[in-house]
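Student: Here you go, one structure.
Throughout, read-outs are computed from the coordinates displayed, never taken from laboratory work. Since the structure is predicted, the reported quantities are computational estimates derived from the model, not experimental observations. Cβ atoms come from the backbone with ideal geometry, glycine included; neighbour counts cover every protein chain shown.
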Amino acid sequence: MQTRIMMTFSAALLAVLGIAFTFLPEELAVYLGSEPDLLVVLLLQVLGALYLGFAMLNWMAKGSLIGGIYNRPICIANFTHFFIGAMAMLKFLFRYPEQPFILWIFCAIYAGLAAWFGLTLYRHPLPEKEAKVKA
């Protein structure tokens, strides 16, 4: 299974979110309907730092074998992040469906990445022929 595309896409998505939350926390707080007080701004900036850290991890690991037992901690961390994020957004959006359409798009992207990392977690990274030859 080709994981370079998955890791590059997730790194790019998380980097964009990280930069936005780090450098535009007040504007995003207003857009999301919150009062941009000091605590909200601080939490959004810390969230941006988390996203940027995860983006760098994924970017640096994009050339490595991922799947099965290979780089399992990276795969589990990504799966956990995207799965829990998708479930939280889904719960929120079903409870408050009048939210901006962009949140529905992010929810779909998160769910797709959760499924992709979940499949990668339990599949051997090498094609079947190569795996049998190396074993």
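Student: Sorted by average packing, counted as other Cβ atoms within 10 angstrom per residue and highest first, what order do 39-46, 13-20 take? Kindly include the intermediate steps, with their values, before the conclusion.
Tutor: Numbers: 39-46: 14.6, 13-20: 17.6.
My ranking of the peptides, most packed first, is 13-20, 39-46.
Student: Based on Cα positions only, what radius of gyration and what Dmax would you give for the chain, in angstroms?
Tutor: Gyration radius and largest Cα-Cα distance of the chain: 17.1, 60 Å.
Student: Further, regarding this structure: Once you have the Cα-Cα distance between GLU35 and PHE23, take 0.36 nm times their residue separation minus that, and quote the gain in nm to one decimal.
Tutor: 2.6 nm
Student: If each DSSP helix of 4+ residues adds -39,500 (n - 2.57) and the sum is divided by the residues in the chain, what number results at 222 nm, nearest 500 deg cm²/dmol?
Tutor: Values: 6 runs with 103 residues, N = 135.
For the chain, the value works out to -25500 deg cm²/dmol.
Student: Further question on the same structure: Ranked by Cβ crowding within 10 angstrom, fewest neighbours first, how are HIS124, HIS81 ordered? Don't skip to the answer; put the middle values down first.
Tutor: Details: HIS124 15, HIS81 19.
Ordered by Cβ neighbours within 10 Å, fewest first: HIS124, HIS81.
Student: Could you bin all the Cα-Cα distances of the range 39-119 into 5 Å bins starting at 0 and give me the percent of pairs in each, rounded to whole numbers?
Tutor: 3, 14, 18, 22, 20, 13, 6, 3, 0
Student: Report, in debye and to the nearest 20, how large the dipole of the chain comes out about its Cα centre when Lys and Arg carry +1 and Asp and Glu carry -1 on their Cβ. Walk me through the intermediate numbers first.
Tutor: Working: 9 positive and 7 negative charges, 186 e Å.
Using Cβ point charges on Lys, Arg, Asp and Glu, the chain gives about 900 debye.
Student: Could I ask something else about it? Between ILE76 and VAL46, what is the FRET efficiency for a Förster distance of 30 Å, r being their Cβ-Cβ separation, to the nearest 0.05? Write out the running numbers ahead of the final one.
Tutor: Working: r = 22 Å, r/R0 = 0.75.
With a Förster radius of 30 Å, E is 0.85.
Student: Still on this structure: Can you give me the relative contact order of the range 4-134 as a percent, contacts being Cα pairs under 8 Å and 6 or more apart?
Tutor: Working: 132 pairs, mean separation 35.1, N = 131.
About 27 percent, as a whole number.
Student: Let me ask you something else. Note the full-extension length gain between ILE105 and ILE69 as 0.36 nm times their separation in residues minus their Cα-Cα distance, in nm to one decimal. Could the numbers behind the result be given before it?
Tutor: Values: separation 36, 0.36 × 36 = 12.96 nm, distance 3.15 nm.
Separation in residues times 0.36 nm, less the Cα-Cα distance, equals 9.8 nm.
Student: Kindly state, to the nearest 0.05, the FRET efficiency for GLU98 paired with LEU119, given R0 = 35 Å and r defined as their beta-carbon distance. Working shown, then result.
Tutor: On the way: r = 33 Å, r/R0 = 0.94.
In this case the efficiency is close to 0.60.
Student: Among GLY53, GLY67, GLY33, determine the one that fluctuates most according to a GNM of the chain built with springs between C-alpha atoms less than 10 Å apart.
Tutor: GLY33
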